[in-house]
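Participant: Okay, here's the structure, questions in a sec.
Nothing in this text is a laboratory measurement; each read-out follows from the coordinates by a stated rule. Computed from a predicted structure; not experimentally measured. Here the Cβ positions follow ideal geometry from the backbone for every residue, glycine too, while neighbour counts run over all protein chains shown.
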Number of protein chains: 2
Amino acid sequence: MLDLPDDILEPPGRSPVARDVARRAGVSTATVSRVLNGSAGVRADKREAVMRAAQDLGFVANGAARALSTRRFMAVGAVVPNIENEAFVRVLSSVQDRLRQAGYTLIAANAGYDLEDELREATFLLERGVDGLMLVGDIHHPDLYARIARSGIPMVQTFSLSREHPCVGFDNAASAARAANYLMDLGHRRIGVISGQRKDNDRGGARVTGIAQALAARGLRLAPEHDIEISYGIGGGRDGFRQMLAGGPAPTAIICGTDQIAFGAMIEARARGLSVPGDLSVIGHNDSDFAPFLDPPLTTIRIHSAEIGHAAGDHLIARIQGRPVVRLTEIDAELILRASTAPPRRGAG
Amino acid sequence: MLDLPDDILEPPGRSPVARDVARRAGVSTATVSRVLNGSAGVRADKREAVMRAAQDLGFVANGAARALSTRRFMAVGAVVPNIENEAFVRVLSSVQDRLRQAGYTLIAANAGYDLEDELREATFLLERGVDGLMLVGDIHHPDLYARIARSGIPMVQTFSLSREHPCVGFDNAASAARAANYLMDLGHRRIGVISGQRKDNDRGGARVTGIAQALAARGLRLAPEHDIEISYGIGGGRDGFRQMLAGGPAPTAIICGTDQIAFGAMIEARARGLSVPGDLSVIGHNDSDFAPFLDPPLTTIRIHSAEIGHAAGDHLIARIQGRPVVRLTEIDAELILRASTAPPRRGAG
DNA sequence: ACGGTTTCTGAAAGCGCTTTCAGATAGCCA
DNA sequence: TGGCTATCTGAAAGCGCTTTCAGAAACCGT
């Protein structure tokens with residue numbers, strides 16, 4: 001066999017390890033590690049040598065080995081009901097923002113509004129090894145809490161408030177109630193709700209409850225035929241409103257679980273010859289990008305997803321690093337008034 | 001100190017390891033590993049014992065140790081230009097679908113249409129130890145290719161075609177040209193383009209080029225004042241169309257980089273008293289959820305993001321597992337005709 | 001009952017990094 | 001220059017799993 005210099009002999013399959021850097025720099029792997037992790041107490045010349053050797057070799061520390069050794073994965077998991085939903089995408093993106101700054105990676109997973117699936121996905125993340133976990137909502141599989149507790153990693157819930165678990169969110173019932181009160185103040189008395197799936201979804205459920213209670217507080221009730229649960233999306237909104245009309249006298253105002261649903265309902269209303277807001281006031285949830293551009297612009301409950309994400313990210317990082325945190329961070333939703341709401345026509349209320 | 005049974009003495013901080021399971025089941029860690037990884041050749045009674053012990057202890061294998069030992073991280077990275085963009089979210093979601101089935105995890109990162117940022121993010125993923133990498137487009141930092149090569153992991157590009165690198169996508173120039181030809185067939189002769197950022201974005205660039213060439217092939221040209229580059233989003237679309245009108249005679253048709261841009265352009269057109277498609281035909285890109293629900297429903301180039309994601313996921317898994325793959329998978333985009341396009345008014349062309 | 005297989009199993013050697021610990025060096029003052 | 005700190009440094013011991021290898025156990029036919 002020919003005697004070639006190391007650089008060339010090196011089979012391309014094997015990437016350089018700390019040992020190689022150490023050899024090349026004429027130091028031990030301990031020193032390599034010290035240099036590469038910025039710990040003080042390495043003489044300048046050796047530090048220099050290590051740096052150069054690492055550079056030359058294109059050395060990249062093996063993440064698994066590091067994780068095994070430090071018992072830190074430098075990763076945080078997040079399980080959201082629907083990874084394609086605008087609000088959740090935004091929260092993921094903002095959590096990641098914060099994590100990235102702290103050197104952490106976000107691993108996102110999809111639970112599809114199903115507690116069992118959520119348990120499966122979260123378990124998967126836990127097995128992979130994450131240093132923290134973000135969940136959505138306050139209702140989860142009991143086993144999930146047990147597993148999280150056993151794993152000993154911090155967890156934070158988002159988008160709703162909780163008295164049991166650390167959380168960053170808002171009071172879904174209260175904010176929906178606020179919308180209902182606003183409609184009642186305008187003079188509406190027949191108010192309907194079109195929500196997405198409520199099963200395994202405390203936010204959706206709380207919103208409807210909040211609305212029902214707000215109505216009750218003023219001597220009104222949420223008629224069953226005006227309380228519709230459909231699948232998310234524009235199509236869902238159309239179907240939902242159609243269904244509502246089929247059920248009896250039309251409401252003069254509706255509150256929808258998302259802006260997409262509201263959009264669908266508005267389309268259906270128009271198709272039925274109802275004008276918005278003349279015949280029907282519509283309120284959405286989320287303040288999606290398109291909400292101000294609908295015709296008419298949509299009144300909606302703005303959920304500050306980005307802020308929630310930032311706060312959740314900060315919370316997890318802090319706990320991972322052993323810093324103190326507040327258990328509950330409230331980032332209130334906000335009713336954004338636009339043109340899709342107005343007083344009911346005289347005599348219609 | 002009291003003599004309590006192991007179960008209780010166990011400090012909650014330390015989670016059980018294979019050794020604990022082995023001890024409890026009365027076998028060695030080798031056997032534990034064999035059982036938990038489903039490898040054959042373990043007698044039924046021992047297998048049973050291990051299973052129960054693992055169950056009782058709530059044992060979860062340490063991912064880092066496993067990764068270190070098997071040299072498989074069981075994770076794939078994906079860097080997309082904008083994690084909040086519908087098309088990319090969909091692709092991520094469908095890649096993840098496939099990965100999940102194969103037991104892999106997706107780690108997504110955001111490049112923000114910037115080659116340097118993309119390099120940074122991808123490097124970060126590489127350092128973490130992903131087993132494969134998905135990128136968007138065929139234009140990347142040269143160092144990135146070098147690092148991927150050195151790391152020896154498979155990479156696949158998406159959303160465009162490439163002769164150099166494995167890819168799953170479509171011919172952006174050709175599909176945009178198809179849209180232009182369709183408009184010309186309708187009789188349009190003044191056709192404009194509103195695209196998102198083109199720098200560091202081969203897809204956007206290719207689309208405009210494709211349109212310009214299609215026009216040229218019929219003796220027309222893309223006037224500079226009809227070639228607008230703006231930021232993505234509905235607002236961008238409005239601004240873009242406004243800018244286009246300021247530049248000179250209005251086009252009779254426009255092709256937009258996304259449906260959001262098209263939506264914005266339509267809003268602006270209406271605000272200017274132009275009717276769609278009467279005075280202006282509009283074509284978008286992506287076939288977003290809302291496209292069929294706009295007024296009028298939007299003609300658009302449907303990009304099969306989910307299929308692209310599935311194919312990309314399959315491609316990576318196959319290569320990770322050493323199975324053969326095709327270098328180039330074409331998943332053609334499709335022109336979806338709706339009501340936002342029509343022949344130009346007589347004499348306007 | 002016995003040698004020859006075939007199956008199972010455990011000891012032990014990694015995987016590549018971090019970190020402790022003790023020894024080596026350098027620095028300093030008298 | 002010698003002795004005593006204050007710094008640096010490397011050897012080695014993990015981290016928790018997988019996997020090889022060789023020995024033990026079980027099985028078989030005669």
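Participant: What does the C-alpha gyration tensor say about the overall shape of region A:240-349? Classify as rounded when a/c is under 1.5, otherwise prolate if a/b is larger than b/c, or oblate.
Facilitator: Taking the square roots of the gyration eigenvalues as a ≥ b ≥ c, region A:240-349 is prolate.
Participant: Which one, A:155, A:176, A:166, is farthest towards the positive end of the dipole of region A:134-198 when Lys and Arg carry +1 and Asp and Glu -1 on their Cβ?
Facilitator: Most positive-ward Cα: A:176.
Participant: Send over the Kirkwood Rh of region A:172-302, from the inverse of the averaged 1/r over different Cα pairs, rounded to one decimal Å.
Facilitator: Across region A:172-302, the inverse of the average 1/r is 14.0 Å.
Participant: Pop the C-beta distance of residue B:37 and residue A:231 into the FRET formula with R0 = 41 Å and round what comes out to the nearest 0.05.
Facilitator: 0.55
Participant: Compute the separation of the alpha-carbon centres of region A:215-257 and region A:155-173 and state it in Å as a whole number.
Facilitator: Between the Cα centre of region A:215-257 and that of region A:155-173, the gap is 27 Å.
Participant: Taking the Cα atoms only, what angle lies between the long axis of helix A:172-186 and the longest principal axis of chain A, rounded to 10 degrees?
Facilitator: Value to nearest ten degrees: 30.
Participant: Within the P(r) computed for region B:43-158, what percentage of the Cα pairs occupies the region above 23 Å?
Facilitator: On the way: 2660 of 6670 pairs.
Within region B:43-158, distances greater than 23 Å cover 40 percent of Cα pairs.
Participant: Oh, and also: How charged is the neighbourhood of residue B:53? Take every other residue with its Cβ under 9 Å from the Cβ of residue B:53, and add Lys/Arg as +1 and Asp/Glu as -1.
Facilitator: Here the charged neighbours net out to +1.
Participant: Related question: List, shortest first and in nm to one decimal, how far the label point of residue A:275 (7 Å from Cα along Cα→Cβ) is from its counterparts in the other copies.
Facilitator: Output for residue A:275: 1.9 nm, nearest copy listed first.
Participant: Label points 7 Å out from Cα along the Cβ direction at residue A:295 and residue B:321: separation in nm?
Facilitator: 5.1
Participant: Report the GluC sites (Glu not before Pro) located in region B:88-164 that are in a DSSP loop and have at most 13 other Cβ atoms inside 10 Å of their Cβ, or state none.
Facilitator: Sparse-neighbourhood loop GluC sites (Glu not before Pro): B:164.
Participant: Still on this model: Give me B:151, A:231 sorted ascending by neighbouring Cβ count inside 10 Å, so fewest comes first.
Facilitator: Lowest to highest Cβ neighbour count: A:231, B:151.
Participant: May I pose another question? I need B:47, A:238, B:203 ordered by Cβ neighbour count within 10 Å, fewest first.
Facilitator: B:47, A:238, B:203
Participant: Mind checking Rg over Rh on region B:207-260, alpha carbons, Kirkwood formula for Rh?
Facilitator: Result for region B:207-260 is an Rg/Rh of 0.97.
Participant: Based on alpha-carbon centroids, what's the gap between region A:51-66 and region A:177-214 in Å, whole number please?
Facilitator: 56
Participant: If you don't mind, there's one more thing I want to ask. Put a label point 7 Å from Cα along the Cβ direction on residue B:330, then list its distances to the equivalent points in the other copies in nm, shortest first.
Facilitator: Spacings between copies for this position, smallest first, are 6.0 nm.
Participant: Using unit Cβ charges (K, R positive; D, E negative) and no other charged atoms, how large, in debye to the nearest 20, is the dipole of the protein assembly as shown about its Cα centre?
Facilitator: That gives the protein assembly as shown a dipole magnitude of about 400 debye.
Participant: Over all directions, how big on average is the projection of the convex hull of the alpha-carbon atoms in the protein assembly as shown, in square nanometres?
Facilitator: Values: hull surface 159.6 nm².
If you wrap the Cα atoms of the protein assembly as shown in a convex hull and average its projections, you get 39.9 nm².
Participant: Something else about it: Which distances, shortest first and in nm, link residue B:249 to the matching position in the other copies, using label points set 7 Å out along Cα to C-beta?
Facilitator: Inter-copy label distances (nm, one decimal, shortest first): 5.9.
Participant: Also, quick follow-up: Per residue of B:53-64, how many C-beta atoms from partner chains lie within 10 Å of its own C-beta, taken as a mean?
Facilitator: Counting other chains' Cβ atoms within 10 Å and averaging over B:53-64 gives 4.
Participant: At q = 0.06, 0.07, 0.12, 0.13 Å⁻¹, what is the base-10 log of I(q)/I(0) for chain A according to the Debye formula with one equal point scatterer per Cα and no solvent? Please give it to two decimals.
Facilitator: Once normalised to I(0) and log-transformed, intensities are -0.33, -0.42, -0.86, -0.95.
Participant: So which trypsin sites (Lys or Arg not before Pro) in region B:239-309 end up in coil per DSSP with only 16 or fewer other C-beta atoms within 10 Å? Before the final figure, lay out the partial values.
Facilitator: Values: sites: B:242, B:270, B:272, B:302; in loops: B:272.
Here the sparse-neighbourhood loop sites are B:272.
Participant: A further question follows. Please compute the contact order of region B:6-61 in relative form: average sequence separation of alpha-carbon pairs under 8 Å and at least six residues apart, divided by the residue count, as a percent.
Facilitator: After rounding, I find 42 percent.
Participant: log₁₀ I(q)/I(0) of region A:6-61 at q = 0.12, 0.31 Å⁻¹, via Debye over equal Cα point scatterers, no solvent, to two decimals?
Facilitator: The calculated log intensity ratios at q = 0.12, 0.31 Å⁻¹ are -0.24, -1.35.
Participant: Report, in deg cm²/dmol and to the nearest 500, the calculated mean residue ellipticity at 222 nm for the protein assembly as shown, where each DSSP H run with n ≥ 4 adds -39500 (n - 2.57) and the sum is divided by the residue count.
Facilitator: Computed ellipticity for the protein assembly as shown at 222 nm equals -14000 deg cm²/dmol.
Participant: What distance in nm separates the simple spin-label points at residue B:328 and residue B:165, each placed 7 Å from Cα in the Cβ direction?
Facilitator: Computed distance between label sites residue B:328 and residue B:165 equals 1.6 nm.
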